[in-house]
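Working notes for the structure below.
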Amino acid sequence: MANFVLLYHGGGMPETPEEGAKVMQAWTNWFAQLGEALVDGGNPVSQVRTITADGSVSSASGHTLTGYSVIKADDLDAAVALAKGCPVLEGGSTIEVAETFVAM
């Protein structure tokens, strides 16, 4: 099995405590469904800066990263199938699914 990082883009934070509780329950349920496929539940991202090869730094814009998780699956298609159940999609986010590999 390989590890896959799920990169979340867009979406928003819950506007009320009740909505927040509902969102947290959805994440808890999804993590339970993933079972042993969940490697790292991840976290939301708050501040983002982009650094270019020449060392310049700017505020990220456009398709900004808003969080991540790491799962394991047999292949990319299986990882995509698991990612389709992620509650972040209900909040208007998109997910990039990328296979990782050991380089060192």
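The values are calculated or read from the model by the stated rules, or taken from the named source; none is laboratory data. Since we're looking at a predicted model, the values are computed, not measured. No Cβ is skipped: glycine too gets one built from the backbone with ideal geometry, and neighbour counts run over all protein chains shown.
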Return yes when G20 is on the phi > 0 side of the Ramachandran plot and not charged (D, E, K, R) and no when it is not. no
Taking the range 1-31 as the region of interest, how many residues are of a type in the set (A, V, I, L, M, F, W, C), more than 16 Å from the chain's Cα centre (by Cα) and over 18 Å from E96 (Cβ atoms)? 2
Return the residues of the range 56-85 that are small (G, A, S), part of a helix (DSSP H, G or I) and touching a residue at least 24 places away in the same chain (Cβ under 8 Å); say none if nothing qualifies. A79, A83
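Is it the case that some residue within the range 70-78 is under 14 Å from the mean Cα position of the chain (by Cα), farther than 23 Å from M1 by Cα and not hydrophobic (A, V, I, L, M, F, W, C)? Can you show your working first?
At the first step, the residues of the range 70-78 found to be under 14 Å from the mean Cα position of the chain (by Cα) are 70-72.
Those left that are additionally farther than 23 Å from M1 by Cα: none.
The answer is no; no qualifying residue exists.
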Counting only residues that are hydrophobic (A, V, I, L, M, F, W, C) and outside any helix (DSSP H, G or I), how many does the range 11-30 have? 1
Go through the range 62-104 and count every residue that is touching a Phe, Trp or Tyr at 6+ places or on another chain (Cβ under 6 Å) and among the hydroxyl-bearing types (S, T, Y). 2
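Within the range 41-55, does at least one residue satisfy the condition of being of a type in the set (A, V, I, L, M), surrounded by 11 or more Cβ atoms within 10 Å (Cβ to Cβ), outside any helix (DSSP H, G or I) and in contact with a strand residue (DSSP E or B) (Cβ under 7 Å, 6 or more places away or on another chain)? Explain how you work it out, then say what you get.
So the first thing to find is which residues in the range 41-55 are of a type in the set (A, V, I, L, M), and the list is 45, 48, 51, 53.
So of that shortlist, the ones also surrounded by 11 or more Cβ atoms within 10 Å (Cβ to Cβ) come out as 45, 48.
Next cut, outside any helix (DSSP H, G or I) only: 45, 48.
This time we only want the ones that are in contact with a strand residue (DSSP E or B) (Cβ under 7 Å, 6 or more places away or on another chain), so: 45, 48.
The answer is yes; a qualifying residue exists.
Could you pull out the residue among L38, L34, L82 that is over 13 Å from the mean Cα position of the chain (by Cα), surrounded by 14 or more Cβ atoms within 10 Å (Cβ to Cβ) and modelled with pLDDT of 95 or more?
Numbers: L38 fails: over 13 Å from the mean Cα position of the chain (by Cα); L82 fails: over 13 Å from the mean Cα position of the chain (by Cα).
None of the other options fit; the residue is L34.
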Among the residues of the range 86-104, which ones are part of a helix (DSSP H, G or I) and either under 10 Å from the mean Cα position of the chain (by Cα) or surrounded by 13 or more Cβ atoms within 10 Å (Cβ to Cβ) (or both)? P87, V88, L89, G91
Of everything in the range 44-63 that's under 19 Å from the mean Cα position of the chain (by Cα) and β-branched (V, I, T), which residue is nearest to V88 (Cα to Cα)? V45
Inside the range 31-40, can you point out the residues that are among the acidic types (D, E) and in a helix (DSSP H, G or I)? E36
